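Contents: one structure, followed by commentary.
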Amino acid sequence: MKNRTRALALAGSAALMATLVAAAPAPAAPAAAAKTASVHGGGTVHYPYVPASHDIRFTVDAESTPWSRPFPGAGQGLPTDARGRVTVYHAQPEADFTGVAEAEVDCMVTGGRTATITAVVKSSNVPGWEGKRIGLSVQDGERGAPDRVGFSWGIVNVDLKPDGSAAAATVGTCMAPAPFTEVTKGGFKVTPAPLAPQPAPQP
């Protein structure tokens, strides 16, 4: 009888333990890391307003770094802050000249498979380009469509002066035209992400 009572007590303890384990909440899954927007790749584009012998290429390596570039009036920066590099290459055989510019990315925003990027030129052999902000748009083609690129010089971003003459306008951060040229060689990968939430104010 004593052995039977002890066995029943042990069975009851085991059942209680099983109930407690089953009722305990499962460990919380680790929070998913925020998705980072990026654009990577390079390609040659078709631009109909230059001779067919010209070779125009872009390379882009850019990643979003939200709220990382503080400035007066935006103490923590902007959700579109970004870093990376853009290279512009334009060979003009008839002039025996190849223009090259290396620019540092300062802004990027994505929507679907399209991104707009701006970058400040740090070095270039093209007169007047150093220190200039340029704007690019990149579209990652889908379902067999070609990738596309747009850029803020050539046919867009013209400002009219009071006397009616035209001048190149300043490019603001993340400002770029629609991707109006097709990529004929190479390609780009656009990884979109929603705008990052605003961080808590600094104490």
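Summary of computed values
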quantity: Condition check for residue 117: open to solvent by less than 60 Å² (accessible area, probe 1.4 Å), under 19 Å from residue 187 (Cα atoms) and in a strand (DSSP E or B); calculated: yes
quantity: Those residues of the range 148-203 which are small (Gly, Ala, Ser), open to solvent by 40 Å² or more (accessible area, probe 1.4 Å) and part of a strand (DSSP E or B), in sequence order; calculated: 166, 168, 186
quantity: Considering residues of the range 130-145 that are among the small types (Gly, Ala, Ser) and part of a loop (DSSP other than H, G, I, E, B) only, the residue nearest to residue 174 (Cα to Cα); calculated: 131
quantity: Out of 147, 159, sole residue that is of a type outside the set (A, V, I, L, M) and at pLDDT 95 or above; calculated: 147
quantity: In the range 47-82, the residues that are farther than 29 Å from residue 154 by Cα, in contact with a strand residue (DSSP E or B) (Cβ under 6 Å, 6 or more places away or on another chain) and either open to solvent by less than 30 Å² (accessible area, probe 1.4 Å) or not in a loop (DSSP other than H, G, I, E, B) (or both); calculated: 65
quantity: Filtered residue count, the range 89-114, keeping only those that are assigned to a strand (DSSP E or B) and more than 23 Å from residue 192 (Cα to Cα); calculated: 10
quantity: Any hit, the range 136-159, residues being without any contact (Cβ under 8 Å) to a residue 12 or more places away in the chain and among the aliphatic types (A, V, I, L, M); calculated: yes
quantity: In the range 11-42, residue surrounded by the most Cβ atoms within 10 Å (Cβ to Cβ) [restricted to those that are modelled with pLDDT of 95 or more and either among the aliphatic types (A, V, I, L, M) or on the phi < 0 side of the Ramachandran plot (or both)]; calculated: 39
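The values are calculated or read from the model by the stated rules, or taken from the named source; none is laboratory data. Computed from a predicted structure; not experimentally measured. Cβ atoms come from the backbone with ideal geometry, glycine included; neighbour counts cover every protein chain shown. Surface areas here come from the heavy atoms of the whole protein model, side chains and all, with no ligands, DNA or RNA. Shrake-Rupley method; radii C 1.70, N 1.55, O 1.52, S 1.80 Å.
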